[in-house]
Amino acid sequence: MQLKPLLSIATTGEEILTQKAEPVTVFDQALRTLADNMLSTMLNANGVGIAATQVFSKAAMFIMASNPNERYPDAPLMAPTVVINPQILTASAATEVGVEGCLSIPGQRLSISRHCEIKVQFQSLDGQLHQQTLTGFVARIFQHEYDHLQGITLLERVNLIATKIQVTQC
């Protein structure tokens, strides 16, 4: 059974993708519904993550749900995680270049340098605070979606990286 996209996905050129998300302060049923609809939309589009700004919401929230699919056949399997009001607390000096796609930039894949390891903090749907250390592909997803909440897409990230010279491997 194929999931139907419940939400429209913003694409390059839409203003919402350049705007910074706003902190979530109310953890209610509407937020849970948004998370459910985002997950269905992301899975239907064969994504491994989706930010609220990509579905025209200003909520500082995204979903990570790494799973092997057409776009990422080697992705590790992880349960969907709803990430609200995320922060990157620390990032490794070591970085790694990987090819990324974006649901908001259909048909394009770009080589992007990301930190190999990050320590993050975020809230879950019930408002509980969590800290985790993420590595590899899951750390890449977090950084990609976090960028969306800052109003940065892959196209801007490529330009930001071009200004930095030093890249060290994991």
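The values are calculated or read from the model by the stated rules, or taken from the named source; none is laboratory data. These figures come from a predicted structure and were not determined experimentally. As a convention, Cβ positions derive from the backbone with ideal geometry for all residues, glycine included, and neighbour counts pool all protein chains shown. Side chains included, ligands, DNA and RNA excluded: accessible areas come from the protein's heavy atoms. Shrake-Rupley method; radii C 1.70, N 1.55, O 1.52, S 1.80 Å.
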(request) Determine the distance separating the Cα centre of the stretch 114-161 from the Cα centre of the stretch 25-87; give it in Å without decimals. (result) 12
(message) Over the Cα atoms of the stretch 84-143, each weighted equally, I'd like the Debye log10 I(q)/I(0) at q = 0.17, 0.29 Å⁻¹, rounded to two decimals.
(response) -0.64, -1.11
(request) Calculate what fraction, in whole %, of the accessible area of the chain sits on carbon and sulfur atoms when a 1.4 Å probe is rolled over the protein chains. (result) 53
(request) Run the dipole for the chain about the Cα centre, Lys and Arg Cβ at +1, Asp and Glu Cβ at -1, nothing else charged, and hand back the magnitude in debye, nearest 20. (result) 160
(message) So, for the chain, what is the accessible surface per residue at a probe of 1.4 Å, expressed in square angstrom?
(response) 51
(request) Express the Stokes-Einstein translational diffusion coefficient of the stretch 1-72 in µm² s⁻¹, to the nearest whole number, given a Kirkwood radius over alpha-carbon pairs, 10 °C and a viscosity of 1.306 mPa s. (result) 124
(message) I'd like the orientation of helix 136-149 relative to the chain: the angle between its Cα long axis and the longest Cα principal axis, in ° from 0 to 90, rounded to 10.
(response) 60
(request) May I ask for the angle, rounded to the nearest 10°, between helix 29-44 and the longest principal axis of the chain, with both axes built from Cα atoms and the value confined to 0 to 90°? (result) 60
(message) Kirkwood Rh and Cα-based Rg: tell me the resulting Rg over Rh for the chain, rounded to two decimals.
(response) 0.94
